[in-house]
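The values are calculated or read from the model by the stated rules, or taken from the named source; none is laboratory data. Remember, predicted model here, so these are calculated numbers, not experimental data. No Cβ is skipped: glycine too gets one built from the backbone with ideal geometry, and neighbour counts run over all protein chains shown.
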Amino acid sequence: MLTNEEKKVVAGITFVVVARFLGLFLLLPVLAPYVKKMQGSAPLLTGLAVGIYGLTQAFLQIPFGYLSDRYSRKGVITFGLLIYALGSFLGGLAQNIWAIIFARFLQGAGAISSAAIALSADLIREEVRTVAFAHIGAAIGMTFAFSIILAPLLAGKFGVPFIFFITGMLSLLALLYLWFFIHEPKKHNKEIEPFLKLLPKILKDKNQVAVDLSIGILHMFLVSIFTVIPIELIERFNLPKPEHWKIYLPVILVSLAIMVPAIIMAEKRGKIKPVFLSGITLIFLGFLSHLVLQNFWGTVILLLFFFIGFHLLEPILPSMLTKFAGEERRGIAVGIYNTIQFVGAFIGGIIGGIFLKVGASYMLITNLVLSILWLLFIAVWIKGVEIRKKQHQP
């Protein structure tokens, strides 16, 4: 069980992370249809606007993670939140597609994820870390559900620029909470190996590489889906944007209802391996279902299976990574992890833009093939991995 102090840490990190992700989630279901109609827009530029944040996130996660190891977790998170807020405010003022792309580029420069995960891992015991990440993941999932409902309503009433301004204000609120309610780890390791010596060691660790590739593929799927599916719902199935929440909300709630007990069971009973493989399998079945059915219900099944799989994998992956990395390399290891995650998001946006031009079926075929290869790779790798289950306290 989490101690009272760990519960406070989880609550604090959750607030900071949720405030950050709420900004991304509010934009995710409405950004592609919005920028598609902007001056100078084209399918590829629409995908770029959705996924460009992943490019700067990818470049900065490793140095931000390293700097958080070397100097201060909170200092790095502070800088990232300020940059993200600036990008959000500029996004609210943007008048054309290139201004939106630049604003999203700056939003991505607020690369706090590696430092935030490392901070929570510093302050939470290893044996309860997966459960803690599950709580944070559930909060993020609920935030996603809330965003799916609210974003089309806000965009319809006030416009997408209003959402950009909200995301900027949320970042500033998260910054205040960070400094008043979350403390820097007492035993912070400042004497670490030089960055260029640490990086090859981490990249040679096949366990960390497998986890890193998994998060990259997962977020590539996520962004490609949300570049294509909202427009498909509008243009192919004649479902107005304000009605999309009627699909998204039940899907998210069902996936969260499955996630929490599955993750707790995985940790307590040492079942992380089958849960990991089940998550990938469900994602594969989602793409297969939509490809076979090619109708509205195929879209619904895709979203349902994808988000069940997504919410099974999201808390497992960072917990596994922090166990593989060890305390002294945790920040940079998480930095690499998040770099691959956001490279995946960037690629997802780019190929999503291509799929908008050539057709949604190409997205389904591409992602289906990749999910099969991913499943086979993980099935072979995970056989030789020892994952400690939670140690019960006397």
Report summary line: Per the list (1) farther than 30 Å from residue 260 by Cα; (2) surrounded by 15 or more Cβ atoms within 10 Å (Cβ to Cβ); (3) modelled with pLDDT under 85, residue check on residue 182 breaks on (1)
Query raised in the report: How many residues are over 16 Å from the mean Cα position of the chain (by Cα) and over 23 Å from residue 175 (Cα atoms) when one looks only at segment 47-101?
Result: 11
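What about residue 283, is it in contact with a Gly (Cβ under 9 Å, 6 or more places away or on another chain) and closer than 15 Å to residue 222 by Cα? I'd like the intermediate steps shown before the answer.
Values: in contact with a Gly (Cβ under 9 Å, 6 or more places away or on another chain): yes; closer than 15 Å to residue 222 by Cα: yes.
Taking the combined requirement at face value, the residue satisfies it.
Okay, residues lined up against (1) at pLDDT 85 or above; (2) closer than 16 Å to residue 177 by Cα; (3) of a type in the set (Gly, Ala, Ser):
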site	(1), (2), (3)
62	no, no, no
70	no, no, no
78	yes, yes, no
81	yes, yes, no
112	no, yes, no
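Could you tell me which of the residues 83, 117, 124 is closer than 26 Å to residue 163 by Cβ, touching a residue at least 40 places away in the same chain (Cβ under 8 Å) and of a type in the set (Val, Ile, Thr)? Even if it seems obvious, please write down each step before you answer.
Details: 83 fails: touching a residue at least 40 places away in the same chain (Cβ under 8 Å); 124 fails: closer than 26 Å to residue 163 by Cβ.
Residue meeting the stated conditions: 117.
Can you pull out the residues in segment 141-187 that are aromatic (Phe, Trp, Tyr) and under 26 Å from residue 10 (Cβ atoms)? Spell out how you get there, then give the answer.
Step one: filter segment 141-187 for residues aromatic (Phe, Trp, Tyr), giving 144, 146, 158, 162, 164-165, 177, 179-181.
Across segment 141-187, the qualifying residues are 144, 146, 177, 179, 180, 181.
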Query raised in the report: Hey, any hits in segment 21-35 for a residue that's under 26 Å from residue 241 (Cα atoms), touching a residue at least 40 places away in the same chain (Cβ under 8 Å), over 21 Å from the mean Cα position of the chain (by Cα) and outside any helix (DSSP H, G or I)?
Result: no
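Among the residues that make up segment 341-364, is at least one of them of a type in the set (S, T, N, Q), farther than 18 Å from residue 224 by Cβ, touching a residue at least 40 places away in the same chain (Cβ under 8 Å) and surrounded by 24 or more Cβ atoms within 10 Å (Cβ to Cβ)? Steps first, answer last, please.
From segment 341-364, those of a type in the set (S, T, N, Q) are 341, 361; that's our starting set.
Those still in the list that are farther than 18 Å from residue 224 by Cβ too: none.
Checking segment 341-364: not a single residue is of a type in the set (S, T, N, Q), farther than 18 Å from residue 224 by Cβ, touching a residue at least 40 places away in the same chain (Cβ under 8 Å) and surrounded by 24 or more Cβ atoms within 10 Å (Cβ to Cβ).
Go through segment 205-217 and give me each residue that's of a type outside the set (Gly, Ala, Ser), more than 12 Å from residue 347 (Cβ to Cβ) and in a helix (DSSP H, G or I).
Our first condition is that a residue be of a type outside the set (Gly, Ala, Ser); within segment 205-217, this holds for 205-209, 211-213, 215, 217.
Now drop any that are not more than 12 Å from residue 347 (Cβ to Cβ), which leaves 205-209, 211-213, 215.
Passing the criteria: 206, 207, 208, 209, 211, 212, 213, 215.
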